[in-house]
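Here the structure comes first, spelled out in structure tokens, and everything after it is commentary.
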Amino acid sequence: MEKVQALTLNSSKPLLGIKGTYGLFGSKEWWNNIENNVIPQTEIEGTIVKVYRTGQDNIEKQNTIDIMTTEQKIHTEGMYANNEDDKTLYKEGAKVKIKYAYEPLKDQPAADGSQNNANTILEVSISI
């Protein structure tokens with residue numbers, strides 16, 4: 001969090017990091033804006049259809065899931081948990097809901113002309 005905040009405040013890097021439109025990331029102001037729905041948020045829901053390992057690091061643990069959303073689209077996401085043991089809940093067939101917050105990046109616009117956003121996961125719910 002400190003690195004995200006420092007990059008937001010670093011005016012010598014005008015194209016890196018988030019703008020801080022809704023307050024400094026992780027600050028009390030930022031969380032108040034989450035709770036009051038000032039920061040745009042969305043959720044995806046679906047069923048985990050695949051659990052696997054990605055990346056170039058020499059890790060042996062699975063770290064990625066594919067979700068078949070309720071819109072019948074595959075969504076790929078990392079596996080997040082406050083407690084490492086909870087990653088065992090990520091299983092094929094489990095229902096999952098992920099809540100995201102969207103914040104404008106300093107570098108605008110995106111390649112397609114839309115707003116370039118950072119997508120921050122706020123909450124992951126899994127039911128098996």
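The values are calculated or read from the model by the stated rules, or taken from the named source; none is laboratory data. Note that the coordinates shown come from a computational prediction; the quantities given were computed from them, not determined experimentally. As a convention, Cβ positions derive from the backbone with ideal geometry for all residues, glycine included, and neighbour counts pool all protein chains shown.
General remarks:
- The sole residue among K97, K87 that is surrounded by 13 or more Cβ atoms within 10 Å (Cβ to Cβ) and over 14 Å from the mean Cα position of the chain (by Cα) is K87.
- Qualifying residue in the stretch 26-46 (condition: farther than 18 Å from E103 by Cα and within 17 Å of the chain's Cα centre (by Cα)): yes
- Search result, residues across the stretch 42-88 that are closer than 19 Å to I128 by Cα and among the hydroxyl-bearing types (S, T, Y): T47, Y52, T64, T69, T70, T76, Y80, T88
- Long-range neighbours under 6 Å by Cβ, at least six apart or interchain, first residue over 19 Å from K99 (Cβ atoms) and surrounded by 10 or more Cβ atoms within 10 Å (Cβ to Cβ) within the stretch 59-84, second at pLDDT 90 or above and of a type in the set (A, V, I, L, M): Q62/V51; N63/M79
- Residues being farther than 30 Å from T70 by Cβ, outside any helix (DSSP H, G or I) and among the charged types (D, E, K, R) - total across the stretch 9-43: 2
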